[in-house]
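A short worksheet on the structure shown next.
The values are calculated or read from the model by the stated rules, or taken from the named source; none is laboratory data. The structure displayed is predicted, hence computed values, not measured ones. Positions of Cβ are backbone-derived with ideal geometry, glycine not excepted, and every protein chain shown enters the neighbour counts. The area values use the complete protein model at the heavy-atom level, side chains included, leaving out ligands, DNA and RNA. Shrake-Rupley method; radii C 1.70, N 1.55, O 1.52, S 1.80 Å.
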Amino acid sequence: MSLTEWLRARTDAELAELLRRRPDLALPAPPDLATLAGRLAVRTSVQRAVDGLDAFLLRILEALVLCGPETSLDELAGALHGTATLEQTEHAVADLTATGLIWGDAAALNVLPTVPDSLGRYPAGLGRPAAALVAHLPDTVLAPVLRNLGLPPASQPRAGRSVAEALGDPARVAALLDELEPAERDVLTRLAAGPPLGGLRSAAAGETPAHRLVTRGLLVPIDAQSVELPREIGLALREHPMGEVGPEPPNVELTVREPAELDRAGTTAVLETIRLVDALALAWTVQPPAQLRSGGVGVRDLRRTARELGVDEPTAALIAEVAAAAGLVNATHGVEPVYLPTPDYDVWLRRDTATRWSDIALAWLGMTRQPSLVSQRGDRDRLITVLGPDAERGTIPALRQQVFEALAQLPPGSAPRQRDGLLSRLSWQAPRRASGQRPLAEAVLAEADLLGFTAAGGLTGYSRTLLAGSRAVAEQVLTSALPEPVDYFLVQPDLTVVVPGPPTPELARDLAVAADLESTGGASVYRVTEASLRRALDSGRSASELAAFLSERSRTPIPQSMQYLIDDLSRRHGALRSGAASAYLRCDDESLLTRVVTDRNVAVLQLRRLAPTVVVTTAPVARVLDVLRQAGYAPAAEAADGEVVSLSGDAPRAPSRQPVRTVRSRTTNNSSQLGEIVTRIRSGDALTELSRTVPTIAQQIPGVTSAATMGVLRDAIRDARRIMLGVAEPDGTTTRHTMLPISMGGGFVRGQETGATGLRSFPLHRITAVHVMAQADDQGDEEDE
């Protein structure tokens, strides 16, 4: 039985399952089963399927490769030596068969021809057979081996065959192993566990265990410094020839809580994530970081952002990357581009907390960037920057999905006691990807904790619902778990402001202007300082407005010291006034203005006195205000009529950008669509088979441009005979048509198709098969009509 015949014997449901597991086979849809059989064995497709196998399925596949073609199910189970029961082996074989990596029946199982190459040179960690290893050894290397094995002297190829036959005898191999010294056996045991390659240090023959094993034929040199353990020796040393890989994943020790408790714990990280995104947007509005020539944000700007957000640099990098993925920040398009919030950020601010978090969460799930790589060195030894091109990793969304699938398999409310347990399970689920993905998987778990997907390592209820595709329900679950936002605070005598819960958006924005955030959590703590109050006055608020805000929102009396601080600062604020001259500075107090003009700290402004109470400068107003404030003064900006104004205006914004959406596969798992593809494949295959079996006057004409094809069509038109055409459609499938041809010209054949109204035409270059129907078939068609 060939692979095509085996596919033909599969049911439609089994073929649809094959296409679901290996969607690349259906891009585009194969025209028939022979084409599908060819695609099954394409190396890249096979490699992708092999890399997705768990450890047990991978070991079953390796065992089949080692057993050879036409292996029965009983032989395969015997090769596993009790590692799995016959029933477990049968289930694994059915799984591999459904994936299309093996084919055949229980009496004769075969692997695809490209599977051995995809598995690598050493399946199950075993070396190559002795016959393959010794076939090319020189006679000088084989001579001591023959002598130690008690074989007569010989030269290649006879010597190689003799050594291979000796090592293929299990009894003889067991006797050789019994004669080994402990150091020699230890070398073989380590190589038998895999991989079977070892080093051969430079030393005189016989001085090291490895050299002695080479002379006995138990190790085979493959170059001047490397040796390989023959497969026969590895199998003899192993208690379980295929290794001790069970059909079940490693157990994960769990800590169990109430699901509602886990949700409440996760909301703390949710609120902190939203606060950090707000703080990032505010910080980048006030002082936008410049975009590097190579793209991204520089190291100094990242360090400054982390300091302003009160977090470490990796967390700041994560927040920046997620905000950009959600379309909340973007680079401007000017000559010197900088990063600023987008207009979508202003829309996002007005949404409720659950919606804001789900926007961020879905953007993180779908983005192809890995923030944990920031500040590391890339492939070209170039520093990876925030929002730079080198942080792109196309496989990261699939890895996040794999991590969350492993977490979703745990009971609700449970969390791994140790992260290593979950990572071990992930390694078991995809061992061929584990070595390179373990650091990234650890980073994904850490980011999930920071963003609120998980709490104490366990998947929260709202995250489970969001990952299942129900965003609206997830937002409802999150809303019910979030504490009620508060619109008040408690002012303490030490000038700290305690918000006993998540503040409302309005309260948070007002507090961010008048106070500095010190700590977050279940309650937020702000501190009122002279600098924070000056910031509020600079934004256009008056002393009376500040006092009214504090008294209206506070559930405790306002300390007298705070009222004194506000009054004192308001008296001093605006004593110096700056306007556009480029800028001017005026003050009714001549002595204060004289002190400013002579102050070395403001010499950079190059102030020039025009009158006892007025000086001018070429610096812009914003620059004048910044320098004077840094020098310890409290200036204010004024309009042309002398009124104090705020220079903030509308916050600058970057162009909007499309937020990242969760990546979807190009093919669908919809059963109806898969069934349609299978039906088309069956139809194309039936056409191919019919071309070999339908009685014809003329033989099948391969190719669409041959003179014979044209001749058959002309004869059918002249004799008014019905024909069957195979036509290649634009999507790659083949359709079958029965028609009475009437004319041919201009690259088309035209005629009346059976069962259709009106004339049909088909391009000659798309015709894949032409058959003139036999007289009996022709008459039958006429009777049907």
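The residue of the range 54-71 that is farthest from Thr114 (Cα to Cα), among those that are open to solvent by 10 Å² or more (accessible area, probe 1.4 Å) and in contact with an Asp or Glu (Cβ under 9 Å, 6 or more places away or on another chain), is Phe56.
Say we look at the range 456-475 and pick out the residues that are among the aliphatic types (A, V, I, L, M), over 21 Å from the mean Cα position of the chain (by Cα) and modelled with pLDDT of 90 or more; which of these is farthest from Thr355 (Cα to Cα)? Only one residue fits best here, namely Val473.
Contact map, the range 7-19: residues that are buried (at least 21 other Cβ atoms within 10 Å of the Cβ) paired with residues that are charged (D, E, K, R), Cβ distance under 7 Å, separation 6+ or inter-chain. No pairs are found. Residue-level check: of (1) touching a helix residue (DSSP H, G or I) at 6+ places or on another chain (Cβ under 8 Å); (2) of a type outside the set (Val, Ile, Thr); (3) open to solvent by 60 Å² or more (accessible area, probe 1.4 Å), Gln418 misses just (1).
Would you confirm whether or not the range 365-384 contains a residue that is charged (D, E, K, R) and at positive phi? For the range 365-384, residues charged (D, E, K, R) and at positive phi: present. Residue count for the range 366-382 under the criterion of being modelled with pLDDT of 90 or more, in contact with a strand residue (DSSP E or B) (Cβ under 7 Å, 6 or more places away or on another chain) and not in a loop (DSSP other than H, G, I, E, B): the result is 1. The strands (runs of 3 or more DSSP E) found wholly in the range 576-617 and carrying at least 1 residues that are basic (Lys, Arg), within 23 Å of Arg534 (Cα to Cα) and touching a residue at least 60 places away in the same chain (Cβ under 8 Å) occupy 577-579. The criterion of at least 1 residues that are under 23 Å from Val311 (Cβ atoms) and touching a Phe, Trp or Tyr at 6+ places or on another chain (Cβ under 7 Å) is met, among helices (runs of 4 or more DSSP H) falling completely within the range 403-484, by 431-451, 461-467, 471-481.
Within the range 741-763, residues that are open to solvent by 40 Å² or more (accessible area, probe 1.4 Å) sit with their Cβ atoms under 6 Å from residues that are acidic (Asp, Glu) and part of a strand (DSSP E or B), at 6+ positions apart or across chains, in these pairs: Arg760/Glu753. Of all the listed residues (Arg432, Arg425, Arg400), the sole one being out of contact with any strand residue (DSSP E or B) (no Cβ under 7 Å at 6 or more places or on another chain), of a type in the set (D, E, K, R) and open to solvent by less than 20 Å² (accessible area, probe 1.4 Å) is Arg400.
Residue-wise test of (1) of a type in the set (A, V, I, L, M, F, W, C); (2) open to solvent by less than 60 Å² (accessible area, probe 1.4 Å).
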{"residue": "Leu86", "(1), (2)": "yes, no"}
{"residue": "Thr89", "(1), (2)": "no, yes"}
{"residue": "Ile102", "(1), (2)": "yes, yes"}
{"residue": "Val111", "(1), (2)": "yes, yes"}
{"residue": "Asp117", "(1), (2)": "no, no"}
{"residue": "Gly120", "(1), (2)": "no, yes"}
{"residue": "Val134", "(1), (2)": "yes, yes"}
{"residue": "Leu151", "(1), (2)": "yes, yes"}
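Evaluation of Ala37 against the conditions (1) closer than 28 Å to Leu423 by Cα; (2) touching a helix residue (DSSP H, G or I) at 6+ places or on another chain (Cβ under 6 Å) shows that the sole unmet condition is (1). For the range 215-222, check the following and say yes or no: at least one residue is open to solvent by 10 Å² or more (accessible area, probe 1.4 Å), part of a strand (DSSP E or B) and within 27 Å of Glu244 (Cα to Cα). Checked the range 215-222: no residue is open to solvent by 10 Å² or more (accessible area, probe 1.4 Å), part of a strand (DSSP E or B) and within 27 Å of Glu244 (Cα to Cα).
The residues listed here are Ala468, Ala406, Ala456; of these, the one that is open to solvent by less than 40 Å² (accessible area, probe 1.4 Å) and of a type outside the set (Ser, Thr, Tyr) is Ala406.
Across the range 328-372, which residue is nearest to the chain's Cα centre (by Cα) among those that are acidic (Asp, Glu) and closer than 16 Å to Val660 by Cβ? Looking at the filtered set, the residue picked out is Asp359. The residues listed here are Val513, Val525; of these, the one that is surrounded by fewer than 21 Cβ atoms within 10 Å (Cβ to Cβ), on the phi < 0 side of the Ramachandran plot and part of a strand (DSSP E or B) is Val525.
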